[in-house]
1. Going through the range 170-214 one residue at a time, which ones are among the β-branched types (V, I, T) and more than 30 Å from N128 (Cβ to Cβ)?
2. When you go through (1) at pLDDT below 95; (2) within 37 Å of the chain's Cα centre (by Cα); (3) not β-branched (V, I, T) one by one for L179, which number turns out not to apply?
3. Tell me the residue from I193, I126, I177 that is under 30 Å from T92 (Cβ atoms), in the same structural domain as L108 (by TED's automatic domain parsing) and of a type in the set (A, V, I, L, M, F, W, C), please.
4. Would you mind finding the one in R337, R354 that is out of contact with any strand residue (DSSP E or B) (no Cβ under 6 Å at 6 or more places or on another chain) and not hydrophobic (A, V, I, L, M, F, W, C)?
5. Of the conditions (1) in a strand (DSSP E or B); (2) exposed (fewer than 14 other Cβ atoms within 10 Å of the Cβ); (3) not aliphatic (A, V, I, L, M), D396 clears all except one; give me its number.
6. Conditions first: (1) assigned to a strand (DSSP E or B); (2) out of contact with any Pro (no Cβ under 8 Å at 6 or more places or on another chain). V46 passes all but one, so which condition is the exception?
7. Taking the range 77-111 only, how many residues are over 20 Å from M228 (Cβ atoms) and not in a loop (DSSP other than H, G, I, E, B)?
Amino acid sequence: MSEARGNRPPLRWLQMVAVILIMLVLVLNQVWIKKVNKELLAVETVVVEKQDLEASILATGSIRVEKQHDYIAKQTTKVKEVKKEAGAHVATGDLLLLLDNSQALMNLGKAESLLAIQELEYRQAITNKSQLVKKLTEARKNLERLRKLYEMGSVSQEEFDLAEKEVTDAEAQAVAIDLKALETHMNKQRQAIKSARGALTETVITSPFEGSVLQVGVKAGQTVTAGMLLVSVGKLSSMEVECSIGAMAALNIKDGQTVEIDGGQAGEGIIVGHVAGRAPLKELDPDDPEAEAKVILKIGIDEKKEALKPGLDVNVKIPLEKRIDALVVPKEAIVERNGKNVVFVYQDGVAQIREVQIGYRNDTYQEITAGVSSGELVITAPLDVLQDQTKVKLYDKSK
């Protein structure tokens with residue numbers, strides 16, 4: 001018995017071995033944990049919380065004038081003289097610019113000359129036809145007289161045939177003079193003259209109403225082609241902003257509602273306006289199944305600023321109602337998956353997908369009306385690689 005005891009390892013040595021094994025397991029476990037953590041996707045999160053949310057609709061629009069007329073070149077011509085420059089105030093009928101009228105005058109002269117010739121030919125045709133009708137009447141009378149004499153044997157066959165031919169020839173000549181066809185040609189030529197006079201008139205560009213010259217698109221001596229803008233006139237007293245917004249968002253907007261217009265490009269800061277009306281829905285693109293119906297919103301400008309000009313692009317903000325204690329998350333935390341609005345909630349190292357119902361939003365936050373609770377962590381980035389139940393770790397902001 002004493003010899004068997006002597007061959008056993010000392011208890012102290014066994015304890016040391018056990019301690020070493022435990023320490024080795026702990027070290028290996030830490031190494032494994034670090035490796036796993038290193039491979040896990042790091043995510044950024046925010047806490048779902050309640051706060052007052054002032055919702056608004058943001059859009060980009062362009063300043064328009066309610067009444068505007070653009071003169072567009074209809075054919076290739078040359079600008080003779082520019083009478084009014086952009087910004088000039090004009091009255092109805094004021095001369096804006098002159099186009100080269102030499103071709104228009106030549107065309108009018110040709111058209112009028114051709115009509116004069118046609119009218120002369122028409123008058124001559126009437127005279128000729130009148131003479132032929134008289135001649136035909138006499139020839140028929142002569143034919144009837146010779147017919148009786150021929151039946152009595154007093155005239156020869158040759159004399160009778162000659163009289164008959166005289167009637168036939170006169171009838172053919174009378175029919176050949178088609179007065180209706182000549183009248184049709186003259187009427188067409190009168191229309192050509194009317195068109196030529198209109199073309200001549202169009203070389204003199206005048207203001208159709210009292211207003212301001214918005215834009216002059218040409219210079220004196222410049223050759224222009226069909227479709228080019230010559231000059232534009234509008235009423236600056238009736239400027240408004242036109243912008244396009246989604247039809248669903250437009251349901252929350254009321255006519256007369258206050259609008260903030262950012263006139264930064266014009267150096268005017270924030271300008272007050274109001275919702276003046278809306279145009280019919282735009283047609284949807286048939287090639288885009290996800291196309292959203294749009295509404296053209298018209299916004300009146302309450303503060304008249306000299307720097308605001310038609311064509312200037314501006315940003316508009318349409319405030320909606322204020323939500324008290326709304327449950328909100330940053331807008332970027334919400335993504336669309338399979339046609340539904342979802343967020344990813346961080347819970348015990350896992351990204352859980354949640355469908356949510358959304359309400360109002362502003363520039364930064366989106367209201368959540370159902371799907372998450374206050375105090376939960378929602379993931380804000382990265383979202384494009386996340387799937388439901390993806391294992392993740394919290395991003396260490398200290399690094």
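The values are calculated or read from the model by the stated rules, or taken from the named source; none is laboratory data. As the structure is a computational prediction, the values presented were derived from the model and not from experiment. Positions of Cβ are backbone-derived with ideal geometry, glycine not excepted, and every protein chain shown enters the neighbour counts.
1. Matches in the range 170-214: T201, T203, V204, I205, T206, V213.
2. (2)
3. The conditions single out I193.
4. R337
5. For D396, the failing item is (1).
6. V46 satisfies every listed condition except (2).
7. Total satisfying the criteria: 9.
Per-residue answers, yes or no, for (1) in a loop (DSSP other than H, G, I, E, B); (2) touching a residue at least 60 places away in the same chain (Cβ under 8 Å):
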position	(1), (2)
T168	no, no
E171	no, no
V175	no, no
T184	no, no
R190	no, yes
K194	no, no
A220	yes, yes
L230	no, yes
C243	no, yes
